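First the structure, then my questions, so here it is.
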Amino acid sequence: MERVRREFLFADRMQLNELEGALTLAATGARDIHELDGPMKELARQLSAVTVAAGLAPHGTYLTKAEFASNAFSIPASPAPQLQRQEAHAPLFETKLLDKPVGYIRLRSFLQADFTAGETYARALRNAIVSLHQEGVNRWILDLREHGGGTLFPAIAALRPLLGNGGVGYFVDAGGKQGGPWLWGVLGLPRGTSGVYFTDQDPAFNGENEATAILLGPVTASSGEMVAIAFHGRSNT
């Protein structure tokens, strides 16, 4: 509830004390988080309703464990061509050599809360990009037209050879306070830092100044937009 107060843009339009009371009551004697599914779903419903009332599209929901399992994307520990969504069996990403020196990267929606699965995805995508670079690619097309959202961090980490080693974005709370920079995938982060996907031993190259075209479309949303934001201000983009 403290996070809702701090980060939700329209928190002042909600009856947060009443909601917090319901959650506190439900939490009394609860054995695990799943016993709070009812009040958490009500919180999500009210967040959406207030957002719609403000004239915006609601973003996000609360899924029970069973609901998440039926909607989540499976990420097997296997090479990139076999990384597939359960829903449509479409690859989570595609990479190919178009015509030297142009390489093509298509990212689709990727939803996975588990870090190990996200790391598997990030490494497979990074390996595919490095492989193209080794084939002589130094110009890129990043296609986000089918990226409707999901988990942001692994994609940013995988794209570090093109993004460089600095912060590429940040979140802002309801009061306008800027959070820490997006550093996922940056090499040399202190031990214990969250979101460390790669080390100096992992394949990489310095493509920070290589020309990159970003393709957007009507489906591009959420973390798909955030990937585009990460390239905003980058030279030769």
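The values are calculated or read from the model by the stated rules, or taken from the named source; none is laboratory data. Treat the numbers as computed from the prediction; the structure is a model and nothing was measured. Positions of Cβ are backbone-derived with ideal geometry, glycine not excepted, and every protein chain shown enters the neighbour counts.
Can residue 185 be described as touching a Lys or Arg at 6+ places or on another chain (Cβ under 8 Å), part of a loop (DSSP other than H, G, I, E, B) and of a type in the set (Gly, Ala, Ser)?
Yes; evaluated as a whole, the condition is true for this residue.
Shifting gears a bit: List every residue pair whose Cβ atoms lie under 6 Å apart, where the two residues are 6 or more positions apart in sequence or sit on different chains, the first residue falls within the range 5-31 and is closer than 17 Å to residue 48 by Cβ and outside the structural domain of residue 172 (by TED's automatic domain parsing), and the second residue, located anywhere, is among the charged types (D, E, K, R) and surrounded by 13 or more Cβ atoms within 10 Å (Cβ to Cβ).
Sorted first by the residue in the range 5-31, then by its partner, the pairs are 7/173; 11/5.
Go through the residues of the range 170-180 one by one and say whether even a single one is buried (at least 16 other Cβ atoms within 10 Å of the Cβ) and either polar (S, T, N, Q) or in contact with a helix residue (DSSP H, G or I) (Cβ under 8 Å, 6 or more places away or on another chain) (or both).
no
When only residues in the range 118-163 that are among the hydroxyl-bearing types (Ser, Thr, Tyr) and out of contact with any strand residue (DSSP E or B) (no Cβ under 7 Å at 6 or more places or on another chain) count, which is farthest from residue 237 (Cα to Cα)?
120
Within the range 33-69, take every residue that is within 20 Å of residue 222 (Cβ to Cβ) and of a type in the set (Gly, Ala, Ser) and give me the one that is surrounded by the fewest Cβ atoms within 10 Å (Cβ to Cβ).
55
From the list 148, 224, 176, exactly one residue is over 28 Å from residue 98 (Cβ atoms) and either assigned by TED's automatic domain parsing to the domain that holds residue 104 or touching a Gly at 6+ places or on another chain (Cβ under 9 Å) (or both). Which is it?
Going through 148, 224, 176 in turn, just one is over 28 Å from residue 98 (Cβ atoms) and either assigned by TED's automatic domain parsing to the domain that holds residue 104 or touching a Gly at 6+ places or on another chain (Cβ under 9 Å) (or both): 176.
Counting only residues that are out of contact with any Leu (no Cβ under 9 Å at 6 or more places or on another chain) and of a type in the set (Gly, Ala, Ser), which one in the range 106-121 is surrounded by the fewest Cβ atoms within 10 Å (Cβ to Cβ)? Lay out the reasoning, then the answer.
Step one: of the range 106-121, the residues out of contact with any Leu (no Cβ under 9 Å at 6 or more places or on another chain) are 111-119.
Within this subset, residues satisfying the condition of being of a type in the set (Gly, Ala, Ser) are 113, 117-118.
On the way: 113: 11, 117: 21, 118: 23.
Ranking the qualifying residues of the range 106-121, first place goes to 113.
Let me ask something additional. For the range 124-141, give me each residue that is assigned to a strand (DSSP E or B) and over 13 Å from residue 96 (Cβ atoms).
139
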